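Written below as structure tokens is the structure these notes are about.
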Amino acid sequence: MKLTKKGRDYLKATIGLAVISSLLGVKSMIALAFALSIAILISYAILASVTMTETTITIEPKEMRGFKGDEFQATISMMFKRGRWVSVHLSSFQLPDGVIVKSQELSEGVAKLIVKSPYAGRFAGIGIRIELWDALGIFSKEFQTVNSQFVLESLPLSLLAPVRATKPIQLSIGERSARSQGTSLELYSLEEYQPFTETKNLLWKKIARMPDERLIVRVREATIPEIVRIGLLDIATRKGEARLRFADLVCEGVGGLCNNLIAAGCSVEILSTSRELGGIESFLVSNISELGDGLMSFLSKPATQKESISQTQITVLSDIIVTGLLELEDLNRANPIAKKLSLLIQDENALPLVVGDRSTIYSGLEDILPLVSKVLER
Amino acid sequence: MIKTRDWMLYALVFACGGTLFALYLAFLAYLPPVTSMLTNSVESAIFYTLFLRAVLLFFVPRFRRIAGQFKIGILSIESFVLVGIIVWYIFTADPAFNTLIGDILTSWIAGGLVIITPYSILEFMISMRKSPNLTVFLTSLVTEFAVVVFSVNIVSQVSPAPTDLQQLGISVLGSVKVQAGTGLSGLNASSGLVTAASLVLYVGAILYIVLKHGVVGRTFVLPFVLILIGTILLLFWSSFATIVGLDIFVALSTPAAVIPLILWVISREKK
């Protein structure tokens, strides 16, 4: 409980009035000083009795999901016991790093928040500072509360990027139809023979029934993997801006990979370490909506800083590893990753690294399509 | 466009200022016409220059802007002159200077009561409208009220009424010399004029505090109710004090001064 600027003036005025009117013997003004003192006392008692217990904080909506850079609106309202006797002001809001917030007090105890994030990622929790004033505005009291239900999910813009067709090479082997010509046993189409076409695919019986002398060949269908596994490894210590940037690039990179893989006809399984279960957590996604859920689920878990068996398993099981350059500074970790296709997130503090054609160092601008093509050609 | 609240504030300014002016006019009513009270050149010089200084300070923007302590200095030039004359008198021991000191002092005090009082009431009314400071309002209110009641009491007690400024000044000095509050005892709360003025100023002050200072974003009702509760408790307290034979106004001054002080100390500690 503290005095407001107005309250200091109010108390000085009351004391001054009481003293001067007592000295000068102005009786009606002594009475006024008395009445003001009682009013101050009652006002103080009411404010002192207001506590955070039985206080309801409502945030609508609690969870917001959209693409990064989009602005979202939420309304926060507070209901205090004895709230009618005091003035409630939502004085400030503290959101996680990476979220830009603008607030506007709509009415007493109700505020509109406009939030946006320049980073893709998941931002949870909101700190609210509430200021209570007594009816006369003499005393003020502050409460600080944290509401963990508030979540802002900012999806990567790579999910919106137009998909370019990736054509797997004909020798690719998979379980799912690639909807292009290849080397599987399945028939893709019948076409006219062209010079240098494989002669063993000529359909002689069909050619015999043809009214003209055209040569017809059987074209086989290509196949692609039914499921491509993307492993996310987030082991190195990153703080503040570096953490936000890393999460943003992971989302953009994974979003771009998945977008292209799903468009090519694959399902994608995202593998990450599970802190709760102590093993691997996986999300199977076959459309963009599920991809959003998977990414946000991964980001909702704090990074596991310690080396664990599950991380090694992820490296082994994944078709593409998505990790940061900082993670590769440990050679024991870097060697298995080097044998896999990988999307390496550019870390500002990482040492310069030369990578082979299996890896792409990603800073948000690089083309990830070659990586997609390579995983389809396995 | 003037809002309702502004109209109410203007009404309060005129009600409080008008009440103080009514008491000032009552004070003047006991005296003969002021110009006929100027019986010598010292009185005339002091009265007219004081009037001119007050007019300049109130109406000329350049003078209005100067700091309060300089304004007091301008209205109190006589006191600086008096110091010089006193020093001169110490060296020369000329009795003429002794008389001159008395003439200047009494004429200045009486002239000040006649001229500075309405000037300060007008300044009080302007500060009521403009000043954001409640301390200024309440301390000014009580001093203005005390001055006009003191003035009207003195002239009502002196019989026959003073015929010149010096006599008026002597009466004021005589009252102040005995005790600052003595002048207020003659025309006390039983006087209809003072009672009415007290009531208007009391209610006016409450409404002013609520309207201009007491609202925290919502309605005027709650602060008004709180002060009303204070007034009701005051009535109970005064009734109790009367029954047990206490001097109620002495008894009231103690809690009035102590309660805010305690609260202030407590809140500073917590901060």
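Quick notes
- Residue in the stretch B:223-236 that is surrounded by the fewest Cβ atoms within 10 Å (Cβ to Cβ), counting only those that are at the interface with chain A (Cβ under 9 Å from one of its Cβ atoms) and touching a helix residue (DSSP H, G or I) at 6+ places or on another chain (Cβ under 7 Å): B:Ile229
- Among (1) touching a residue at least 12 places away in the same chain (Cβ under 8 Å); (2) surrounded by 13 or more Cβ atoms within 10 Å (Cβ to Cβ), the one test that A:Glu348 misses: (2)
- The stretch B:129-170, subset assigned to a helix (DSSP H, G or I) and over 18 Å from the mean Cα position of the chain (by Cα), residue surrounded by the fewest Cβ atoms within 10 Å (Cβ to Cβ): B:Lys130
- Lone unmet requirement of (1) part of a helix (DSSP H, G or I); (2) within 8 Å of chain A (Cβ to nearest Cβ); (3) modelled with pLDDT under 80 for B:Leu201: (3)
- Selected residue (only one of B:Ile104, B:Ile121, B:Ile126 is buried (at least 19 other Cβ atoms within 10 Å of the Cβ) and modelled with pLDDT of 90 or more): B:Ile121
- Flag if B:Arg62 is assigned to a helix (DSSP H, G or I), more than 30 Å from A:Leu36 (Cβ to Cβ) and without any contact (Cβ under 8 Å) to a residue 12 or more places away in the chain: yes
- Any hit, the stretch A:90-106, residues being touching a residue at least 40 places away in the same chain (Cβ under 8 Å), assigned to a strand (DSSP E or B) and of a type outside the set (Gly, Ala, Ser): yes
- The stretch B:1-60 - residue that is among the small types (Gly, Ala, Ser) and more than 30 Å from B:Gly192 (Cβ to Cβ) and, of those, nearest to the chain's Cα centre (by Cα): B:Ala54
- Counted residues, the stretch A:7-26 - those being charged (D, E, K, R) and surrounded by fewer than 20 Cβ atoms within 10 Å (Cβ to Cβ): 2
- Hey, A:Leu215 at pLDDT 80 or above, over 29 Å from the mean Cα position of the chain (by Cα) and more than 30 Å from A:Val115 (Cα to Cα) or not: yes
- Some residue of the stretch A:43-52 being more than 7 Å from chain B (Cβ to nearest Cβ), in contact with a strand residue (DSSP E or B) (Cβ under 6 Å, 6 or more places away or on another chain) and in a helix (DSSP H, G or I): yes
- Failed condition for B:Phe14, given (1) over 28 Å from B:Ser159 (Cβ atoms); (2) out of contact with any Phe, Trp or Tyr (no Cβ under 9 Å at 6 or more places or on another chain); (3) modelled with pLDDT under 90; (4) not hydroxyl-bearing (Ser, Thr, Tyr): (3)
- Residue match in the stretch A:55-71 (condition: farther than 23 Å from A:Glu153 by Cβ, assigned to a loop (DSSP other than H, G, I, E, B) and either more than 10 Å from chain B (Cβ to nearest Cβ) or out of contact with any helix residue (DSSP H, G or I) (no Cβ under 9 Å at 6 or more places or on another chain) (or both)): yes
The values are calculated or read from the model by the stated rules, or taken from the named source; none is laboratory data. Remember, predicted model here, so these are calculated numbers, not experimental data. Neighbour counts are summed over all protein chains in view; Cβ atoms, including those assigned to glycine, are modelled from backbone coordinates with ideal geometry.
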